[in-house]
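**Student:** Quick one: the structure is below, questions incoming.
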Ligand SMILES: Nc1ncnc2c1ncn2[C@@H]1O[C@H](COP(=O)(O)OP(=O)(O)OP(=O)(O)O)[C@@H](O)[C@H]1O
C-alpha cells in the first residue's frame with residue numbers, strides 16, 4: 001500500500017531524515033514512536049505528501065508520488081489520503097457537518113451525496129445530535145470526532161494521524177483509539193499514526209521506533 005525508500009530531508013544545514021525506509025500494508029495500523037525531535041512529524045508529512053523529500057522514493061498504491069506535478073499530487077492527496085491532527089483545524093465559521101463536507105465538495109462529489117455521507121459518518125461517530133453545532137460549542141472529544149469524520153469523507157484508503165489523541169483526556173483518547181480499530185475492521189482502512197500515547201502504540205499492529213532521523217525497528 002505504501003512504500004518509502006531512502007527518504008532524506010534537511011532544513012538548512014540540519015539533516016532531519018537520514019535515509020528512512022518504511023513499508024505499510026493495506027489494512028495495517030502502524031504507529032511511529034520516538035523521542036521529541038526524532039523526525040516523526042517530518043516523516044509523516046512526507047509520507048502524507050504534504051511535504052516533499054529532498055531525495056528518496058515514495059509509492060502509494062504503486063503510484064510514484066515524486067513524479068506527480070503539484071496539481072496532480074493535490075488531487076491524489078484529496079482522493080486517497082485523510083489527515084487527523086492533534087489540533088484539528090476545524091473551520092470556526094462552519095458547523096460540524098459543513099466542516100466534514102468541505103473535502104468532498106473540493107473533490108467534486110455531488111452535494112446531495114456528500115451531505116448524506118457526512119450525516120452517516122457523524123452518526124457512526126455518535127454525533128448525530130451535533131450536526132449544526134459550530135466547533136466552539138463542541139467538546140474537545142467531539143471536535144476531534146468531527147475531524148475524524150472529515151478525514152473519512154472521501155473514503156481514503158490511507159489515513160495519517162499526528163498525535164490524534166494528544167489533546168484529549170484519557171476517556172476520549174481511549175474512545176478515539178477504539179474508533180480507529182473499528183474503522184479498520186469495518187472499512188479495511190490503513191493508518192499511519194505518530195503518537196506519544198503508549199496505549200495507542202500498544203493497540204497498533206506494529207510500532208516503528210524513530211531515533212535521530214532513522215527507523216531503528
Ligand atoms: N519547517 C522546519 N524548519 C526547520 N526545522 C524544522 C522544521 N520542521 C521541523 N524542524 C526540526 O526538525 C526536527 C524534527 O522535527 P519533528 O517535528 O519531525 O520531530 P518529532 O519527532 O515529530 O517531534 P515531537 O515528538 O516533538 O513532535 C526538530 O529538531 C525540528 O526543530
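**Student:** Please work out which one of (1) within 26 Å of residue 11 (Cα to Cα); (2) touching a residue at least 12 places away in the same chain (Cβ under 8 Å); (3) not in a strand (DSSP E or B) is the condition residue 93 fails and give its number.
**Tutor:** The failed condition is (1).
**Student:** Among the residues of the stretch 149-163, what is the count of those that are on the phi < 0 side of the Ramachandran plot and away from the ligand (no atom under 13 Å from the Cβ)?
**Tutor:** 10
**Student:** Inside the stretch 4-46, can you point out the residues that are more than 10 Å from the ligand (Cβ to nearest atom), on the phi < 0 side of the Ramachandran plot and part of a loop (DSSP other than H, G, I, E, B)?
**Tutor:** Residues satisfying the conditions are 13, 25, 26, 28.
**Student:** I've got another one for you. What number of residues within the stretch 47-76 are assigned to a helix (DSSP H, G or I), modelled with pLDDT under 95 and in contact with a strand residue (DSSP E or B) (Cβ under 9 Å, 6 or more places away or on another chain)?
**Tutor:** 3
Results for (1) in contact (Cβ under 8 Å) with a residue 24 or more places away in the chain; (2) under 25 Å from residue 191 (Cα atoms); (3) touching a strand residue (DSSP E or B) at 6+ places or on another chain (Cβ under 6 Å); (4) not in a loop (DSSP other than H, G, I, E, B), shown as yes or no for each residue.
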| position | (1), (2), (3), (4) |
| --- | --- |
| 99 | yes, yes, no, yes |
| 104 | yes, yes, no, yes |
| 114 | yes, yes, no, yes |
| 117 | yes, yes, no, yes |
| 121 | yes, yes, no, yes |
| 126 | no, yes, no, no |
| 133 | yes, no, no, no |
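**Student:** Okay, next question. So how many residues does the stretch 47-84 have that are without any contact (Cβ under 8 Å) to a residue 40 or more places away in the chain and within 15 Å of the ligand (Cβ to nearest atom)?
**Tutor:** Qualifying residue count for the region: 2.
**Student:** Of all the strands (runs of 3 or more DSSP E) wholly in the stretch 155-217, which have at least 1 residues that are more than 17 Å from residue 33 (Cβ to Cβ) and out of contact with any helix residue (DSSP H, G or I) (no Cβ under 7 Å at 6 or more places or on another chain)?
**Tutor:** Correct list: 190-194.
The values are calculated or read from the model by the stated rules, or taken from the named source; none is laboratory data. This is a predicted model, so every value here is computed, not measured. Every residue, glycine as well, gets a Cβ built from its backbone with ideal geometry; the counts of neighbours run over all protein chains shown.
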